[in-house]
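The values are calculated or read from the model by the stated rules, or taken from the named source; none is laboratory data. Source: prediction; values computed, not measured. For neighbour counting, all protein chains shown are included, and Cβ atoms are generated from backbone atoms with ideal geometry for every residue, glycine included. Ligands, DNA and RNA are stripped out before the accessible areas are found, and what is left, the full protein with its side chains, is counted by its heavy atoms. Shrake-Rupley method; radii C 1.70, N 1.55, O 1.52, S 1.80 Å.
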Amino acid sequence: MTADARPATVPVWDRAVRGLHLALAGGTLATWATGQWWHDSHEWLGYGVGGVILLRLAWGFVGSPPARFARFVRGPRSTWAYARAVAGGQALRHLGHNPLGGWMVLALLGCAAATVATGILYTTDWLWGFEWLHRLHQALAWTMLLLVLLHVAGVVFTSLQHRESLVAAMWHGRKRAPAEHDLPA
């Protein structure tokens, strides 16, 4: 390999990020599927999702550099600039999460955590049977569905825009090596 040669792919997302992503997606889908009919399963799946959220939050502070929130959550100014670049078809490729993707991670984790929290509170003697809490839990679940759909749309859009499969990258943890005009995170 010459000094100018770049590897074809580089590691981006570690096994923990990929496994927790898969567990959160699967757990969320399973809680949706059991929400109306299998209450015991729904409850235990909700506890599992809560555990996954706690692990991902911890990994976002102490995990590998690409997994850390500080690496991919950008401030409002740079996020807005990126959103304008996307709208204008000029968004640069990011090796990890782009600024909108970083905020989507926080929105998904926050909404999932709030959904789990309201579900747990609803099972306590203190708040059992309170209709407002039940409605809030349902509203959060529907909000989660909307966020998941937006997330999937963003993944498809970004994959098409940059001609690389983000689904495959999340599966095996690698992406095409950055070009000179790409951004590192």
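Quick test of your reading of the structure: His42 fulfils all but one of (1) of a type outside the set (Ser, Thr, Tyr); (2) closer than 16 Å to His137 by Cβ; (3) at pLDDT 95 or above. Name the failing condition by number.
Going through the list (1) of a type outside the set (Ser, Thr, Tyr); (2) closer than 16 Å to His137 by Cβ; (3) at pLDDT 95 or above, His42 breaks only (3).
Tell me which residues, restricted to the range 119-152, are of a type in the set (Ser, Thr, Tyr) and modelled with pLDDT under 95.
Tyr122, Thr123, Thr124 - these are the residues of the range 119-152 that are of a type in the set (Ser, Thr, Tyr) and modelled with pLDDT under 95.
Results for (1) open to solvent by 70 Å² or more (accessible area, probe 1.4 Å); (2) farther than 22 Å from Arg176 by Cα, shown as yes or no for each residue.
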site	(1), (2)
Pro11	yes, no
Gly35	no, yes
Phe72	no, no
Arg84	yes, yes
Ala91	no, no
Gly101	no, no
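For Ala25, state whether it is part of a helix (DSSP H, G or I), open to solvent by 40 Å² or more (accessible area, probe 1.4 Å), at pLDDT below 95 and closer than 30 Å to Thr123 by Cα.
no
What pairs can you find where one residue is in the range 159-181 and farther than 15 Å from His94 by Cβ and open to solvent by less than 30 Å² (accessible area, probe 1.4 Å), the other is at pLDDT 90 or above and in a helix (DSSP H, G or I), and their Cβ atoms are less than 8 Å apart, with a gap of 6+ or different chains?
Within 8 Å, the pairs are Gly173/Arg15; Gly173/Val17; Gly173/Arg18.
Of the residues that make up the range 106-126, is at least one within 16 Å of the chain's Cα centre (by Cα) and open to solvent by 50 Å² or more (accessible area, probe 1.4 Å)?
yes
Only one of these is free of Cβ contacts under 8 Å to residues at least 24 places away in the same chain and either open to solvent by 60 Å² or more (accessible area, probe 1.4 Å) or farther than 27 Å from Val10 by Cα (or both): Leu149, Leu57, Leu145. Name it.
Criteria check complete, one pass: Leu149.
Given (1) farther than 21 Å from Leu140 by Cα; (2) modelled with pLDDT under 95; (3) surrounded by fewer than 17 Cβ atoms within 10 Å (Cβ to Cβ), identify the lone condition not met by His97.
The single condition His97 does not satisfy is (3).
Just wondering, is there one or more residues in the range 7-16 that are within 30 Å of Thr123 (Cβ to Cβ) and in a helix (DSSP H, G or I)?
Checking the range 7-16: at least one residue is within 30 Å of Thr123 (Cβ to Cβ) and in a helix (DSSP H, G or I).
Among the residues of the range 50-74, write down those that are touching a Phe, Trp or Tyr at 6+ places or on another chain (Cβ under 9 Å) and in a helix (DSSP H, G or I).
If the condition is that a residue be touching a Phe, Trp or Tyr at 6+ places or on another chain (Cβ under 9 Å) and in a helix (DSSP H, G or I), then Leu57, Gly60, Phe61, Pro66, Ala67, Phe69, Ala70 are the ones that fit.
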